[in-house]
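Each remark here refers to the structure printed beneath this line.
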Amino acid sequence: MHVAIIMDGNGRWARERGLPRQAGHRAGAKAVRRTVESAARLSVDCLSLYAFSSDNWSRPRDEVSHLMWLLRRYLQSEISRCVENGIRLNVIGRRDRLNPEIVSIIERAEATTAGGKGMLLRIAVDYSSRDIVALS
Ligand code: FPP
């Protein structure tokens, strides 16, 4: 079974609680951890998370940096847990506009988890339906 999730509503979640948008994104990243664990436990074959669309580049600079920081921190902190649970990580979308440091963290995460026999965790970053050629 393939489950795909469009990560949406972080801003609304924060606004309803009188918190800044960044708090919503932090809570979203925490929810990703719980979701990945549950999906793996339920024997989902592939979990696709649409995390950062190409349109998201037009958000305020601080918000984009915070999202990139969350992504980087997630990849760095979850690699070992993915390996333990046999989860294979794959990032789809354009890489040429990402910070080279994030690209190398992505490459490392993919290489380190490549042997996993369990769920495929696919994270879409800088993706757009208008940019089919760039999707791999
Ligand atoms: C949509 O909420 C969410 C995003 C644009 C970003 C989601 C990405 C992360 C939390 C980064 C970490 C990613 C991973 C995979 C760990 P919104 O701001 O559009 O909220 P709204 O729909 O309420 O306006």
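Computed on the Cα trace of region 68-136, the radius of gyration divided by the Kirkwood hydrodynamic radius gives Rg/Rh = 0.98. In whole Å, how far is the Cα centre of region 48-84 from that of region 89-115? Result: 11 Å between the Cα centres. Rounding to the nearest 10 and keeping the result within 0 to 90°, find how far the Cα-based axis of helix 21-41 lies from the longest principal axis of the chain. So the helix axis and the longest Cα principal axis differ by about 20 degrees.
Shown here are the Rg and Dmax of the Cα trace of the chain, at 14.6, 43 Å.
Any chance you could give the angle, 0 to 90 degrees and rounded to 10, that helix 61-84 forms with the longest Cα principal axis of the chain? Approximately 20 degrees, to the nearest ten. Restricting region 74-126 to GluC sites (Glu not before Pro) that sit in a DSSP loop and have at most 13 other Cβ atoms within 10 Å of their own Cβ leaves nothing. Overall, region 49-136 carries a charge dipole of about 140 debye about its Cα centre when +1 sits on the Cβ of Lys and Arg and -1 on the Cβ of Asp and Glu, all other atoms neutral. Under the criterion of Cα pairs below 8 Å and six or more residues apart, the relative contact order for region 1-124 equals 31 percent. Of all stretches in the chain that contain no trypsin sites (Lys or Arg not before Pro) in a DSSP loop with at most 12 other Cβ atoms within 10 Å, the longest one is 18-96.
Using Cα atoms only, what is the angle between the long axis of helix 100-113 and the major principal axis of the chain, expressed in degrees (0 to 90) to the nearest 10? Helix 100-113 sits at roughly 30 degrees to that axis.
Each value in this text was obtained by applying a stated rule to the coordinates, not by laboratory testing. For clarity, every value in this text was computed on a predicted model and none was experimentally measured. Neighbour counts run over all protein chains shown; Cβ positions are idealised from the backbone, glycine included.
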